[in-house]
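Engineer: Submitted below is the structure of interest, expressed as structure tokens.
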Amino acid sequence: MSKVCALSFDDGPHIIETGATLDVLERHGIRASFFLIGNNITPDREYLIRRGMDMGCEYENHSLTHSFMNEMDRETIIAEIEETDRRITAVTGRVPEFFRPPYIVYNDLMFDIIDKTFICGKGCDDWDDSVTAGQICERSYENASDGTIFLLHDSQGNMRTSKGVDMLIPRLKADGFEFVTVSELFRIKGEKPEKHKIYSYIEV
């Protein structure tokens, strides 16, 4: 079996940046996982989710408001998750299996309440405007190993990531990597998700 990895993108959907990311993925024949902010799922952006679905992409939960959920009470956490699930499911017909905490900040209450597998991923600081597309490519390449989940962003105003990923994909393909979604990665590796654990990669 070839080496496998998963590209994942946070904070969308955004009309320009998500569209550019999907263009790159489509050009290379790649599927990815998108962790969506519920408040960004608006009628004028739903077509981007449908486009990604047609390409085999998956859509997961990244909260409703992208706030510090470790500071929230039980009822607010539940509302953040359930409303985001509702908006994603209304478009995709699928309830998200995975959750990425905003700012990768979490606590035991969140683990207890949120009945999803928590995902972090190997980041490259692509949210930082000073990080170039070339650096996004190089840092991600250095993080690559069999089972890696890449943490990237299709945030508003960030076109550097799609350019960096456009450079990254051919390099990883040349190294024998196959790109899958996060759920596929768990299935391929035979990993049964554990509670009170956050994943950045799936060990062989």
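Engineer: Among the candidates Asp108, Asp23, Asp125, which residue alone is among the acidic types (Asp, Glu) and closer than 24 Å to Glu191 by Cβ?
Structural biologist: On the way: Asp23 fails: closer than 24 Å to Glu191 by Cβ; Asp125 fails: closer than 24 Å to Glu191 by Cβ.
The conditions single out Asp108.
Engineer: Continuing with the same structure: For the stretch 22-31, indicate whether the set of residues that are surrounded by 14 or more Cβ atoms within 10 Å (Cβ to Cβ), in contact with a Ser or Thr (Cβ under 7 Å, 6 or more places away or on another chain) and under 27 Å from Ala174 (Cβ atoms) is non-empty.
Structural biologist: yes
Engineer: Which pairs have Cβ atoms under 8 Å, sit 6 or more apart or on different chains, and link a residue in the stretch 60-71 that is surrounded by 17 or more Cβ atoms within 10 Å (Cβ to Cβ) to one that is small (Gly, Ala, Ser) and part of a strand (DSSP E or B)?
Structural biologist: Correct list of pairs: Glu60/Ser8; Glu60/Ser33.
Engineer: Between Thr161, Thr76, which is at pLDDT 95 or above, hydroxyl-bearing (Ser, Thr, Tyr), out of contact with any helix residue (DSSP H, G or I) (no Cβ under 7 Å at 6 or more places or on another chain) and in a helix (DSSP H, G or I)?
Structural biologist: Thr76
Engineer: Can you tell which of Arg45, Arg50 is exposed (fewer than 15 other Cβ atoms within 10 Å of the Cβ), more than 20 Å from Phe186 (Cα to Cα) and of a type in the set (Lys, Arg)? Full working, then the answer.
Structural biologist: Working: Arg45 fails: exposed (fewer than 15 other Cβ atoms within 10 Å of the Cβ).
None of the others qualify; the one that does is Arg50.
Engineer: Of everything in the stretch 117-145, what is assigned to a loop (DSSP other than H, G, I, E, B), surrounded by fewer than 17 Cβ atoms within 10 Å (Cβ to Cβ) and among the charged types (D, E, K, R)? Give them in sequence order.
Structural biologist: Residues satisfying the conditions are Asp125, Asp128, Asp129.
Engineer: A further question on this structure: Being of a type outside the set (Phe, Trp, Tyr) and assigned to a strand (DSSP E or B) is the filter; apply it to the stretch 164-204 and report the residue that is farthest from Leu7 (Cα to Cα).
Structural biologist: Applying the first criterion (of a type outside the set (Phe, Trp, Tyr)) to the stretch 164-204 yields 164-176, 178, 180-185, 187-198, 200, 202-204.
Next, only the ones that are assigned to a strand (DSSP E or B) stay: 178, 180, 198.
Values: Glu178: 11, Val180: 8, Ile198: 16 Å.
The residue in question is Ile198.
The values are calculated or read from the model by the stated rules, or taken from the named source; none is laboratory data. Since the model is a prediction, treat every value here as computed from it, not as a measurement. Backbone-built Cβ (ideal geometry, glycine too); neighbour counts: all protein chains shown.
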